[in-house]
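Everything below concerns the one structure shown next.
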Amino acid sequence: MAIWGLGTLLFALILVGGVAGHPSCGFPAIYSFGDNNSDTGEHAAMFADVGLPNGQTFFHGPSGRYSDGRVIIDFIAEAFGFPFLSAYLDSYKTNYRHGANFALGGSAIRGEHGFSHTSFLQQVFQFAQFKTRTTALFNKLGSDAAKNQSAKSILPRPEEFRKSLFIIDIGQNDFAFDLQHTSLEDTRKQIPEMVKSLVEPISMFLNGRYEARHSVIHNIGPFGCLPYHIKSYQKKNSTCALDQYGCVKELNEAVQEFNRQLKLKIAEARKANPNATITYVDVYSAKYNLISNAKNLGFEDPMKFCCGSYNDQYVRCGEQDSNGKLIGTACNDPSKYISWDGIHYTDAANKLVAKRILNGSLSDPPVSYAEACRI
């Protein structure tokens, strides 16, 4: 667990304690679903570790995260006083007492439109398996509580699933994959199907089968402001228009259309499930605010990234040449950059985004994460 500064600690105490007249919901656990932006070791467990320089700033070594340090879900867990969420498939030092992370780098809302061919719905099925198996194991261990106390201490409590908070952050890879294989016009035509494929599994959460009553849904951030995708898109569309901060306008407009449709569908799902709580969080605004105010916040040019490079060809962070020499090196001070590797955010940027979204000012309904059961 990180050692917090006084300001961060006070913020966390306010979040978890609630505000005057609005006590915290007391969520016992968090379950996370998503893609690269939330992965805390799933991809590393399935395929290959996310090696150095990734993880260098906070973890001082590979951590399975696409960043120099923490990702947004880490800051959310910290704010609740929980340890970082263990990746579902990672068998090393796993502890599921306060939740689990099913997010997988490369995942998409629709598996065939991503880079890992794993869909959000498959992550939902993984959770169902996790719930069934951990419940059975916990109940089996219950016959000898003293002897099995250590084993039970890393398992979720079966009665706490319905009281837990479920956080979903996925969709960026759908845009990235589709734009790599088709046009922006065709990608925009897929938006209604993307929204449907995301909201339908959320509705499955809300029935009695999964006992997930409290969900927080992140919208998609400003895809058109990611340095890698700006350069990639410009190579194909040399006349594309940029906004005053250097973001591709038409890419961000497509993402905003997705976000508008998602917000409407979530409102419908909220009405159809009056006994559940569903919070829509405008992560787009939090990230765009970071980019538009980069200089005032102490960052370098937001269109530059710290690790790897993109000249004639993209060099991934940590990439080695044929002789094993590291060519995807990192900058000297990642805290001065918003973008870590042209696609993902730095620890410093993720921290500021998390702070902006946790207090509920960008939520619909406008409640903090700690109060997301009180809609």
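No lab work stands behind these numbers, since they all come straight from the coordinates. Just so it is clear, the model here is predicted, and its values are computed rather than measured. When we count neighbours, we look across all protein chains shown, and the Cβ atoms used for this are built from the backbone with ideal geometry, even at glycine.
Packing here is the average count of other Cβ atoms within 10 Å per residue, and on that basis the peptides 239-247, 74-82, 261-269, highest first, run 74-82, 261-269, 239-247.
In the chain, helices alone account for a calculated mean residue ellipticity at 222 nm of -11500 deg cm²/dmol, with every DSSP H run of four or more residues adding -39,500 (n - 2.57). Taking Lys and Arg as +1 and Asp and Glu as -1, the other residues whose beta-carbon sits under 11 Å from that of H113 total -3. Sparse packing (at most 10 other Cβ atoms within 10 Å of the Cβ) combined with a DSSP loop state is found for the following trypsin sites (Lys or Arg not before Pro) in the stretch 97-176: K147. Residues whose amide H lies under 5 Å from that of S368, counting only those 5 or more places away or on a different chain, are absent; hydrogens are built 1.01 Å from N in the peptide plane. Peptides 102-109, 176-183 ranked from most to least packed by the mean count of surrounding Cβ atoms within 10 Å: 102-109, 176-183.
Residues I343, I73 in ascending order of nearby Cβ atoms (within 10 Å, fewest first): I343, I73.
Length available on full extension from A128 to K140: 0.36 nm per residue minus the Cα-Cα distance, which gives 2.5 nm. Remark: the D312-T239 segment gains 24.5 nm on full extension, using 0.36 nm per residue and subtracting the alpha carbon distance. Sorted fewest first by neighbouring Cβ atoms within 10 angstrom, D169, D35, D49 come out as D49, D169, D35. The C-alpha atoms of the chain occupy a region whose extents along the principal axes are 65, 48, 42 Å, arranged from largest to smallest. Is the stretch 53-161 best put as rounded, prolate or oblate by its Cα gyration tensor, with a ≥ b ≥ c the root eigenvalues, rounded for a/c under 1.5, and otherwise prolate when a/b is larger than b/c, oblate when not? Because a/c hits 1.5 or more and a/b fails to exceed b/c, the stretch 53-161 counts as oblate. Counting every other Cβ atom within 10 Å of each residue's Cβ, C307, C331, C25 order from fewest to most as C331, C25, C307. Can you check what the net charge comes to around P365, using other residues whose Cβ is under 10 Å from the Cβ of P365 (Lys, Arg +1; Asp, Glu -1)? Surrounding charge for P365 is 0. Label sites at K295 and D49, each approximated as a point 7 angstrom past Cα along Cα to Cβ, lie 4.1 nm apart.
Each other residue within a Cβ distance under 15 Å of N289 adds +1 if Lys or Arg and -1 if Asp or Glu, for a net charge of +3.
Report the FRET efficiency, 1/(1 + (r/R0)^6), for L121 and E211, where r is their Cβ-Cβ distance and R0 is 22 Å, rounded to 0.05.
0.80
For the pair E159 and K189 in one chain, pulling the backbone fully straight at 0.36 nm per residue adds 6.6 nm over the alpha carbon distance.
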